[in-house]
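K.L.:
I have a structure I would like to understand better, so I am pasting it below and will then ask my questions one at a time.
The values are calculated or read from the model by the stated rules, or taken from the named source; none is laboratory data. Computed from a predicted structure; not experimentally measured. Glycine gets a Cβ as well: all are built from the backbone with ideal geometry, and neighbour counts include every protein chain shown.
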Amino acid sequence: MTKISVLAGIATGLASAALTLAGPAAAAPTGSGDADATIMALEDQGNRVVVTRLSSTPLQNASIVSITHGPEVRQGVPFATSQGDNFRSFSSQTVYVTVR
């Protein structure tokens, strides 16, 4: 019986950690409106935004059809310091935005 209790505790802890590590979802308006403002807000958050256009409507008047989060991209950038060379790690999220 104690083995089951320990396993249940571990499962609860792992589920809690997974929810804690998941980043908050970026709120984005859908429907008619200014898709350009939403795209700029996503870029300001450090995301790389890829836009798929379903019409020739200007982004200021376009509606957002969907927003999909792609892979997180990590890269190391070398830089020199007084103590020698070092690397900084940067990460960014690719966000796919479909507008109409």
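K.L.:
So is Val97 touching a strand residue (DSSP E or B) at 6+ places or on another chain (Cβ under 9 Å), at pLDDT 85 or above and loosely packed, with under 14 Cβ neighbours inside 10 Å or not?
P.N.:
Here the answer is no, as Val97 does not meet what is asked.
K.L.:
Which of the residues spanning region 38-50 are surrounded by fewer than 13 Cβ atoms within 10 Å (Cβ to Cβ) and either touching a Leu at 6+ places or on another chain (Cβ under 9 Å) or of a type in the set (D, E, K, R) (or both)?
P.N.:
Selection gives Glu43, Asp44.
K.L.:
State whether the residues of region 77-90 include one that is within 18 Å of the chain's Cα centre (by Cα), of a type in the set (Phe, Trp, Tyr) and modelled with pLDDT of 55 or more.
P.N.:
If we filter region 77-90 for residues that are within 18 Å of the chain's Cα centre (by Cα), which is where we start, we get 89-90.
Checking which are of a type in the set (Phe, Trp, Tyr) leaves us with 90.
Applying the additional criterion that residues be modelled with pLDDT of 55 or more yields 90.
Within region 77-90, one or more residues are within 18 Å of the chain's Cα centre (by Cα), of a type in the set (Phe, Trp, Tyr) and modelled with pLDDT of 55 or more.
K.L.:
May I pose another question? Would you mind stating whether Arg53 is at pLDDT 85 or above and surrounded by 10 or more Cβ atoms within 10 Å (Cβ to Cβ)?
P.N.:
It is true that Arg53 is at pLDDT 85 or above and surrounded by 10 or more Cβ atoms within 10 Å (Cβ to Cβ).
K.L.:
Same structure, new question: Name the one entry in Leu59, Leu42, Leu7, Leu19 that is assigned to a helix (DSSP H, G or I), of a type outside the set (Ser, Thr, Tyr) and modelled with pLDDT of 90 or more. Don't jump to the end; show me each part of the working.
P.N.:
Details: Leu59 fails: assigned to a helix (DSSP H, G or I); Leu7 fails: modelled with pLDDT of 90 or more; Leu19 fails: modelled with pLDDT of 90 or more.
Selected residue: Leu42, the only one of Leu59, Leu42, Leu7, Leu19 that is assigned to a helix (DSSP H, G or I), of a type outside the set (Ser, Thr, Tyr) and modelled with pLDDT of 90 or more.
K.L.:
Here is a further query. Are any residues in region 67-76 under 14 Å from the mean Cα position of the chain (by Cα) and not hydrophobic (A, V, I, L, M, F, W, C), and if so, which ones?
P.N.:
Thr68, His69, Gly70, Pro71, Glu72, Arg74
K.L.:
Looking at (1) under 16 Å from the mean Cα position of the chain (by Cα); (2) surrounded by 14 or more Cβ atoms within 10 Å (Cβ to Cβ); (3) not β-branched (Val, Ile, Thr), find the lone condition where Ser63 falls short.
P.N.:
Single failed check for Ser63: (1).
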